[in-house]
Structure formats: structure tokens, C-alpha cells
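Only one structure is covered here, and it is reproduced in the block below.
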Amino acid sequence: MHRRIKNWYLEQDSRIMKPKYIIEHVHIEETVDAVEPPPPNIKRTFKNLHDWLFDICDSEKPKMAIANYSLGVFESPDSRVLFLVGLNKYTNPNYEKIDFEPKNMYFLLPTEDYRDLTWEQLADKLTEQLRDFTKTQKFTNSYLADANSIVLNGNKVIWSK
């Protein structure tokens with residue numbers, strides 16, 4: 001990403017003040033860890049999203065503080081798989097790193113509930129279900145609530161402090 005930054009300063013002449021421009025070229029680059037796709041023959045381990053999220057809350061906690069949790073969806077011709085990872089941002093260089101992967105980080109979405117949905121409908125349905133989950137006592141008492149935010153597909157804020 002390139003940005004031009006205008007710095008205004010005024011130089012006093014003997015009679016008038018003239019604006020001058022200094023244009024700097026700044027190159028900002030952020031590296032983001034990629035989430036590995038689920039195994040090819042993933043099996044359904046949980047009946048529904050609720051059971052999967054409760055299992056994540058009851059399972060191993062991260063060994064370090066996690067700033068943000070990210071959920072996303074992998075899609076194949078036969079299935080859609082939801083994932084959850086914990087991310088932290090680092091500087092010098094700018095880097096968003098996956099610092100936590102729950103043991104059951106993938107959830108095979110039940111085809112009977114999610115098969116015929118467009119991407120937008122899927123995102124809306126998951127957003128509603130995930131927001132409902134954040135209102136539960138299980139979420140409130142979990143390590144997930146210690147983060148700053150939970151985001152779906154990089155742009156839908158599910159929850160934030």
C-alpha cells in the first residue's frame with residue numbers, strides 16, 4: 001500500500017506566508033498468516049455450531065493473550081467448513097500471526113442447514129448465530145471473551161470490547 005502524506009508548513013516571507021508541500025512516499029506492508037485448509041475428508045464431530053463453540057470454550061486455552069479471534073469459511077463443491085483461529089499483531093515488520101489454533105479449529109457445517117445459502121446468506125446466518133453465542137454465560141466465562149474482538153470473514157464484527 002502506498003500513501004502520500006501532505007505536511008503543511010508555513011514559511012514566513014517578508015510580506016506573506018506561503019504554503020509549501022513535502023510529499024513523502026510511505027510503503028506499508030502487512031503480512032498475515034494464512035489458515036491451512038481443513039483435511040480433505042473432514043468428518044462431522046459436532047451436531048451444530050453451538051456444540052462446536054461450547055467445545056472450544058471447554059478445551060485447551062491459549063498459552064498467551066490473544067488480541068483477536070477470526071472465523072472464516074472454506075468451501076469445496078461438497079462442503080463448507082468454518083474455522084476459528086487466534087491472531088496477534090506484531091510490528092517491525094507489520095505481521096498478523098496465528099498464535100492459537102484450537103484442537104477442533106474446524107467445524108463441518110451441516111449441509112441440511114447451510115447447503116442452499118448464498119455467500120451473503122451464509123455470512124448473515126453465521127453472524128446471527130455467533131452473536132447469539134456471545135450472549136451466553138459460556139462465552140462470557142471463556143477465554144474468547146478476553147480478546148478485543150471476534151470477526152467473521154475479516155469484515156463482520158461478531159463481538160468487540
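Side notes on the structure shown:
- Of the candidates Glu112, Glu128, Glu60, the single residue that is modelled with pLDDT under 95 and assigned to a helix (DSSP H, G or I) is Glu112.
- Odd one out for Asp78 among (1) within 15 Å of the chain's Cα centre (by Cα); (2) at pLDDT below 95; (3) acidic (Asp, Glu): (1)
- Subset of the range 40-64 that is of a type in the set (Lys, Arg) and under 20 Å from the mean Cα position of the chain (by Cα) - its residue that is farthest from Phe133 (Cα to Cα): Lys63
- Scanning the range 135-152 for residues that are among the hydrophobic types (A, V, I, L, M, F, W, C) and touching a residue at least 60 places away in the same chain (Cβ under 8 Å) yields Phe139, Leu144, Ala147, Ile150, Val151, Leu152.
- Some residue of the range 26-40 being modelled with pLDDT of 90 or more, exposed (fewer than 10 other Cβ atoms within 10 Å of the Cβ) and not in a helix (DSSP H, G or I): yes
- Meets criteria (free of Cβ contacts under 8 Å to residues at least 24 places away in the same chain, of a type in the set (D, E, K, R) and under 24 Å from Lys161 (Cα atoms)) for Asp132: yes
- Of the residues making up the range 87-110, those that are in contact with a strand residue (DSSP E or B) (Cβ under 8 Å, 6 or more places away or on another chain) and under 16 Å from Trp52 (Cα atoms) are Glu101, Pro102, Met105, Tyr106, Phe107, Leu108, Leu109.
The values are calculated or read from the model by the stated rules, or taken from the named source; none is laboratory data. These numbers were taken from a predicted model, which means no experiment stands behind them. Every residue, glycine among them, receives a Cβ derived from its backbone with ideal geometry; neighbour counts consider all protein chains shown.
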